[in-house]
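Read the structure below first, then the notes.
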Amino acid sequence: AGSADDGADWPAYGRTGAAQHYSPLAEIDQGNVARLGLAWSLDLPLGNTQVQPLAVDGVLYFATGLSVVRAVDAATGRQLWEYDPQAAGKAGKNLRFGWGVRGIAFAQGKVITGTQDGRLIAIDAMTGKPVWSVQTYPSDYPAYISGAPRVFGDKVLIGYGGTAGPTRGYVTAYDVATGQQRWRFWTVPGNPADGFENEAMKMAARTWAGEWWKFGGGADVWNATAYDPETDTVYIGTGSGYPWNRQLRSADAKGDRGDNLFVCSIIALDGKTGAYKWHYQVVPGETWDFDATMDMELADITIAGKPRKVLIQAPKNGFFYVIDRITGQLISAEPFVPVTWAKGIDPKTGRPIEAEGARYRDGGMVFLQPSGMGGHNWMPMAYSPKSGLAYIPANQFEMGYGDGSKTWTIPTDRTVSGAVNIAGGEAMGRSRATGALLAWSPVTQKPVWRVEHPSYLNGGVLATGGGLVFQGTVDGYLTAYAADSGKVLWRFDAGAPLMGTPIAYKANGREYVSVITGLGMNLVASAGAIMGPDFERRYRLDPQTQARRVLTFALGGKGTLPAPASPAPPVAAADTPFDKDAAMIGLYAFAAHCGTCHGALAIGSTQGPDLRRSPLILDRAAFAQVVKAGALEARGMPRFGEFEDGKVEGLRQYLLQRSAELARDQAGQ
Ligand SMILES: O=C(O)c1cc(C(=O)O)c2c(n1)C(=O)C(=O)c1cc(C(=O)O)[nH]c1-2
Ligand SMILES: [Ca+2]
């Protein structure tokens, strides 16, 4: 048995409340990591694997798919129990987001997970039986839990994600023992006519225009949180506004305006009461989907000779922020990737100096870096107190923004629409989407080393006391780098994309490193469209047969991977006829509703099968049964009851077209 302090356990997302994704363990180090090998592996079913596991007292816990939680012996991989909250059958229209969670929490002998349908469930860690369950938002609310709960003291905090309907962001704290609600903090003000919940909301309301409350406002707390027990402070990071486009969200006769607190902000809350302490707004008046929900890591560092208690974040907008975590004062902010939307952050006001035209008000496309995918997205960076460096999974990509507000109405079908016409830079032939692992000094605000990756959106990072940095990449390798130099010291060919986040822990006195493979959720789905139809070959991806697998490594490990599965052939022949007009309707419908789970261009993704290889598309009636009547709803395929028959058949024709294209592609190889 260990405690969080000696590093034997990894009991929380990011390991501790400081969320550094750092393990002090040093048995595996720069000198011996070459001997690291596979100790065991465990195959998992179809579904989200974009997760970070936990390890407590020699047991590994993780939730994959739609929050199906498993406990396995951390030294052997033998499964101890499995708990399926049956979220697919309960999520209704919210199943259409289909994302799953990135992590879980552990406290008082309970494993705690959120679900797609908005429940927070505590499960007995010994038996795998639920202890309590609470509904954290109304079941028809356009939201889903995707982030990990955060335990602090005797409470556990949870938020949710949105962007496909009017949400008004909030976090709720519950009692770990009973599930009873302790407090709630709203992140944007509601309708003034209803009165404000607190002074913070009254202050925030002064930064909005028009009738913002009709759109919810957004600022969902969908990913990172942190906790400092010294001051009993909870830190939350808020997402983009809803809708993304401020011209819709906060506008009146004078035009769109206002900072829109607390959209895209870091907020400090009192752990006991949930009362507001301070905020730092990363993107005032946000309009680019530049969420500030990326991991916030707490560190004690020396700047200009003074010890400082800081919070660091590398949010989507491309600047690396160092903030005094006691006062909320900005210490420094510098770009860690190419940034064109702003010239810099004014150190006096802490506000960005926006580039002219960046707000895309006057029609046409404005191309900006970073993109709405972020210079860094949810994949956690790591901070090593030993090297004093942050290790950022950075993305380089350009996106075009255009104002689509003229024809916009709030969607009722749970599609992601922020009334921004967006285009990928690469799709437009302007830039290539690439990634890098960046070692960054929060003191000098400069890179110390960087390693280029062929694609963007690579896995989260782990730093260890052994002077190592571990990261997986979309092209299928788990790599260990020297923390000080970036030198590659060890590499494992996982034969499957890696987007999850590795952890380190001890079991039976030995150090292990564990990570889960598999393509991610929304991001790779859209990457298919952005990166072009040769996406699969370029990154050796086979969405259908890719392994979704726990990989656990130890020094001297001699394990080998099962032989790769061979993909089923496309169901259509190369010359299969299809209805061109119908297929065009299908293409648009697919992009709007299906790509999130089945992959852009129907290449498959982690949640949904590759439909080009599914016999279902050969049978018109059976296809309609699944899409319209929800025949596979309990297995995670949402029902689209409102689709007209022409749309359903259009989807099928489009999939026949894509299947025939795959057949032609294969014949040509
Ligand atoms: O503003 C929001 O509510 C919200 C929620 C989520 C989510 O919950 O996953 C994402 C985003 N925004 C987002 O902008 C984004 O890029 C994103 C990527 C992912 C993912 O899991 O790969 N989720 C989200
Ligand atoms: Ca967002």
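With every protein chain in place and a 1.4 angstrom probe, the accessible-area ranking of L248, L498, L618, largest first, reads L618, L248, L498.
Could you work out the relative contact order of the chain? I mean the mean sequence separation of Cα pairs under 8 Å and 6+ apart, divided by the number of residues, in percent.
Details: 1908 pairs, mean separation 91.0, N = 669.
Computed value for the chain: 14 percent relative contact order.
With the charge dipole of the range 580-667 set up from +1 on Lys and Arg Cβ and -1 on Asp and Glu Cβ about the Cα centre, the Cα lying farthest toward the positive end among the listed residues A591, P638, A667 is that of A667. Per-residue 3J(HN,Hα) values for the range 32-40, derived from phi via the Karplus relation 6.51 cos²θ - 1.76 cosθ + 1.60 with θ = phi - 60°, read 10, 4, 4, 8, 5, x, 5, 8, 7 Hz in sequence order (x marks Gly and Pro). The residues Y61, Y83, sorted by heavy-atom accessible surface at 1.4 Å with ligands and nucleic acids left out, run Y83, Y61 from largest to smallest. Count Lys and Arg as plus one, Asp and Glu as minus one, and take only other residues whose Cβ is under 13 Å from that of Y170; the net charge is then 0.
Rolling a 1.4 angstrom probe over the protein heavy atoms with all chains in place gives the range 580-667 an accessible area of 43 Å² per residue. Normalised by residue number, the volume inside the convex hull of the Cα atoms of the chain is 144 Å³ per residue. About the centre of its Cα atoms, the range 580-667 shows a dipole size close to 160 debye [charges on the beta carbon of Lys, Arg (+1) and Asp, Glu (-1) only; nearest 20 debye].
Near R620, within a Cβ-to-Cβ distance under 15 Å, what is the net charge of the other residues, with Lys and Arg +1 and Asp and Glu -1? Could the numbers behind the result be given before it?
Working: positive: K628, K647, R652; negative: D579, D619, E644, D645, E649.
Residues near R620 contribute -2 overall.
Return the carbon/sulfur percentage of the accessible area of the chain, one whole number, probe 1.4 Å, all protein chains in place. Ligands and nucleic acids excluded, carbon and sulfur reach 52 percent.
At the residue level, W222 shows approximately 40 square angstrom of accessible surface with a 1.4 angstrom probe and all protein chains present. Scanning residues 5 or more positions from L80 or on other chains, those with amide H under 5 Å from its amide H are A71, V72, D73, with H placed 1.01 Å from N in the peptide plane. Straight-line reach from K277: which lysines have a Cα under 27 Å away, not including same-chain ones fewer than 8 places off? Correct list for K277: K155, K202, K306, K309, K316, K348.
Less than 5 angstrom separates the built amide H of N421 from those of G402, D403, G404, all sequence-distant by 5 or more or on a different chain. For the range 580-667, the relative contact order works out to 36 percent when only alpha carbon pairs closer than 8 Å and six or more residues apart are counted. Our summary gives the range 115-240 a relative contact order of 21 percent, counting only alpha carbon pairs under 8 angstrom and 6 or more residues apart.
A simple charge model with +1 on the Cβ of Lys and Arg, -1 on the Cβ of Asp and Glu and nothing else charged puts the dipole of the chain at about 160 debye relative to its Cα centre. On a straight-distance basis, which lysines could pair with K628 in a cross-link, Cα separation under 20 angstrom, same-chain partners fewer than 8 positions away excluded? K628 reaches K90, K93, K647.
Positive contributions from Lys and Arg (+1) and negative ones from Asp and Glu (-1), summed over other residues with Cβ under 11 Å from the Cβ of G47, come out at +1.
D140 contributes an accessible area of around 110 Å² to the protein surface, as traced by a 1.4 Å probe with all chains present.
From largest accessible area down, sort C597, C264; use a 1.4 Å probe on the protein chains. Kindly include the intermediate steps, with their values, before the conclusion.
Details: C597 20, C264 0 Å².
So, going from the largest accessible area down, we get C597, C264.
Annotation for the range 313-366 versus the range 200-272: alpha-carbon center distance of 17 Å.
Over 21 Å between Cα atoms, which of K386/K446; K129/K506; K129/K272 qualify? The partial results should precede the final answer.
Numbers: K386/K446 17 Å; K129/K506 25 Å; K129/K272 29 Å.
Result: K129/K506; K129/K272 exceed 21 Å.
Scalar couplings 3J(HN,Hα) for the range 288-303, obtained by applying the Karplus form with A = 6.51, B = -1.76, C = 1.60 to θ = phi - 60°, are 10, 6, 8, 3, 10, 9, 5, 3, 9, 10, 9, 9, 10, 10, 9, 10 Hz; x denotes Gly and Pro.
Accessible area of L587 (1.4 Å probe, protein heavy atoms only, ligands and nucleic acids ignored): about 70 Å².
What the phi angles of the range 337-346 give under the Karplus curve with 6.51, -1.76 and 1.60, with θ = phi - 60°, is a coupling list of 9, x, 10, 10, 6, 9, 7, x, 10, 5 Hz, glycine and proline written as x.
Distances between placed amide hydrogens fall under 5 Å for W490 paired with A480, all partners being 5 or more residues away or on another chain.
The values are calculated or read from the model by the stated rules, or taken from the named source; none is laboratory data. Remember, predicted model here, so these are calculated numbers, not experimental data. Glycine also receives a Cβ, built like all others from the backbone with ideal geometry; neighbour counts cover every protein chain displayed. We work out accessible area using only protein heavy atoms, side chains counted, and drop any ligands, DNA or RNA first. Shrake-Rupley method; radii C 1.70, N 1.55, O 1.52, S 1.80 Å.
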